[in-house]
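Report on the structure given below.
Nothing in this text is a laboratory measurement; each read-out follows from the coordinates by a stated rule. These numbers come from a predicted model, not from an experiment. Every residue, glycine among them, receives a Cβ derived from its backbone with ideal geometry; neighbour counts consider all protein chains shown.
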Amino acid sequence: MEKFINDILSKLDIGSKEFVYVSVTVGVGLEVIQVDPVSKIVKTYGHKPLEYSDTIREIADYDSFKTALQELFSELKINPKCNVVLNIPLVHFGKIELPLLLNDEGITEAIISEVEQSYIFKRCEPVVSWFDASINNGSETRSIFYSAVQKPAVDKIKEVLNSIGATLVSLEVSLISILRAMSFSGKSETQMADGTAWNLMIVNPNGYSIVAMSGKNIIDYYDEPLALKTYELDEIYQVIDASAQIALMNFPTNYMYIVSETDMVSAEHLASKLQQDGKIDFIENNSFKKNELLPVSLDILPDQIMRISLEAIGIAVSKSYPYPISLDFSGNVKKDVSTSEDETISFQFNGKEIILKESILRKVALVIAVVLIVPALAVMLTLPNMQKAKQKELDDINSKIQTVEAEIKKLTEAASESGAFLVKTEVENVVKNNRTKLLSYSAIGESVPQSLWITYFLAKEDGKIDIKGVSENVEDIYNFFRNMKDYMINTELRLHALEMQSESLDDAVSGGPINYNFEITNMSDSELKSPASKSSKSSAKQSSNKADTKTNSTSNKSVDKLEPVDVEE
């Protein structure tokens, strides 16, 4: 909620702005970084190449500085209307003894007079910052450590930041940033214990400096200019070793820490070459770096991790991690921008000027946020229950679908087995058999001669037919048989039986009426011997008894002589 309100106020150019930490680092370029001070994890990081002049100790091209900063803000999704805390390389650092009774303004004037003796500040005005090394109550002097940067350089940096909407709130130098980063990361925990004397050697393209330390406090400083670029790689280590032996005689300690900021010198290799008593540790703050200085977020690309410098880490925790010494060249030393008085915004309405304070606007923004966010939160809270109910309905439907699919699969498998019931096949068989029966009925109706009548008729579902009857002559039987075969094609009918009905040869000789029994069928002998076939014999015998009273009338034969037909459905 607070971040949401701050974003709104930031867009209105009032209220609290986001703090963004930037470092101009020799050998790396321009770095933008955010560090979580609690978990000690680098949350956000990006860098762009930026040329820095070792000769004039200044950013070589401020247009390139502006372009690189805008690109990093865009890539890291940082609002340009922010408060910038900036680190730059150390330009000038020294120690001076001044009278104890001299006030702050007098100390500043004395330091400026001292700094103007340096060749860098002979052509431009310096901006100085200082802090007390120690106060000796038994002496009338105080030791002051001071640092200076070029005022035109500071003005150009502010101008670039203002042009993109940012504000410079703090400007520090690399020496303090490096010490703060070493303390924050725990790299020098042993050395920075209270009361422990140790030396910090910082190697840069212009030479090296030795910082005599007592715990976290600086007690002395020595700078040795060396034109390292004029030496061969192997000679550089010999030159530094020879020079450092003389300088370190004035700083006897049991601990030495080497930090290399130039790719020309490996801190690890120099530690092995340096003839120094006591323990020597090192940190590669250059391309020789093998391990990350701090854990990083997964959002940071692997090729960026080894670029993160001590200066970037030190400036990133400058507002959250307490360190006993600091330097600031921004001109905002006496003002804490995070706790400044209410800013105001004015606008015209109906010819009147309306002025609103930040506190009022923050309350308005809070109300707007509540009105917009509370309904959204209510919807978000109800969505899980709705989603759960809909998911249950979906699960039930899917369960039913699976059940139906299983039944379909089961029926499909059963249908594929031999002898299974197939609806289509059965329907075709019914239609086919009924058609066969209808054809047989029609054939009988059309083909029965006058002197022939049917005593038995059987039509089965599988197309089997059995016809029995009686005729006065054989010719009518054959005519009836041929007509049936013509009507019922592919039924394979055959004349299975033909015999005289008379039981005595005398009846045939005496010239009395003779009837002939016949049977037409497409059934096999075994099928004809079935119980149904046996029952047909009794029907045929009864019909033959009735044949004695038959007349030659066709209508009488059709009605009186035709016995009921036995049809199996």
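Tabulated data for the structure shown
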{"quantity": "Extended-chain gain in nm, criterion 0.36 nm per residue less alpha-carbon gap, Leu383 and Glu71", "calculated": "108.4 nm"}
{"quantity": "Value of Rg to Rh for segment 127-192 (Rh from inverse mean 1/r over Cα pairs, i.e. Kirkwood)", "calculated": "1.12"}
{"quantity": "FRET efficiency, 1/(1 + (r/R0)^6) with R0 41 Å, evaluated for Glu405 and Leu438 via beta carbons", "calculated": "0.45"}
{"quantity": "Peptides 46-58, 158-170, 80-92 ordered by average Cβ neighbours within 10 Å, highest first", "calculated": "80-92, 158-170, 46-58"}
{"quantity": "Neighbour cut-off at most 11 other Cβ (10 Å), DSSP loop, trypsin sites (Lys or Arg not before Pro), segment 214-299", "calculated": "Lys290"}
{"quantity": "Flagged links, alpha-carbon separation over 23 Å, of Lys43/Lys290; Lys81/Lys187; Lys81/Lys289; Lys17/Lys187; Lys43/Lys156", "calculated": "Lys81/Lys187; Lys81/Lys289; Lys17/Lys187; Lys43/Lys156"}
{"quantity": "For segment 459-464, Karplus couplings with θ = phi - 60° (6.51, -1.76, 1.60), whole Hz, Gly/Pro x", "calculated": "10, 8, 5, 8, x, 7"}
{"quantity": "Using θ = phi - 60° and Karplus 6.51 cos²θ - 1.76 cosθ + 1.60, couplings along segment 118-123 (whole Hz; Gly, Pro as x)", "calculated": "6, 5, 5, 9, 6, 10"}
{"quantity": "Violating pairs (Cα-Cα greater than 28 angstrom) within the set Lys122/Lys273; Lys122/Lys319; Lys95/Lys122", "calculated": "Lys122/Lys273; Lys122/Lys319"}
{"quantity": "Coil-residue GluC sites (Glu not before Pro) of segment 226-268, DSSP, other Cβ within 10 Å capped at 12", "calculated": "Glu232"}
{"quantity": "Projected label distance in nm at Lys319 and Arg123, using a 7 Å step from Cα toward the beta-carbon", "calculated": "3.6"}
{"quantity": "Length added when fully stretched, Asp63-Asp486, from 0.36 nm per residue minus Cα-Cα", "calculated": "141.2 nm"}
{"quantity": "Loop-located chymotrypsin sites (Phe, Trp or Tyr not before Pro) in segment 123-192 whose Cβ has at most 13 other Cβ within 10 Å (DSSP)", "calculated": "none"}
{"quantity": "Order by protection proxy (mean Cβ within 10 Å, highest first), peptides 238-251, 97-110", "calculated": "238-251, 97-110"}
{"quantity": "Alpha-carbon radius of gyration plus Dmax, which is the widest Cα pair, for segment 185-259 in Å", "calculated": "13.2, 40"}
{"quantity": "Phi to ³J(HN,Hα) by Karplus 6.51 cos²θ - 1.76 cosθ + 1.60 over segment 49-63, Hz, x for Gly, Pro", "calculated": "x, 8, 7, 10, 8, 6, 6, 9, 6, 7, 4, 5, 9, 6, 5"}
{"quantity": "Length added when fully stretched, Lys529-Ile514, from 0.36 nm per residue minus Cα-Cα", "calculated": "2.7 nm"}
{"quantity": "Taking Leu310, Leu293 and counting other C-beta atoms within 10 Å, the order from fewest to most", "calculated": "Leu293, Leu310"}
{"quantity": "FRET efficiency, Lys290 to Gln238 (Cβ-Cβ, R0 25 Å, nearest 0.05)", "calculated": "0.55"}
{"quantity": "Pairwise label distance in nanometres, Thr141 with Arg494, each label 7 Å out on the Cα-Cβ vector", "calculated": "14.6"}
{"quantity": "Estimated FRET transfer efficiency (Thr108, Glu18; beta-carbon r; R0 35 Å; 0.05)", "calculated": "0.65"}
{"quantity": "Projected label distance in nm at Ile368 and Lys229, using a 7 Å step from Cα toward the beta-carbon", "calculated": "5.3"}
{"quantity": "Mean-position separation - Cα centroids, segment 108-126 and segment 29-99, in angstrom", "calculated": "24"}
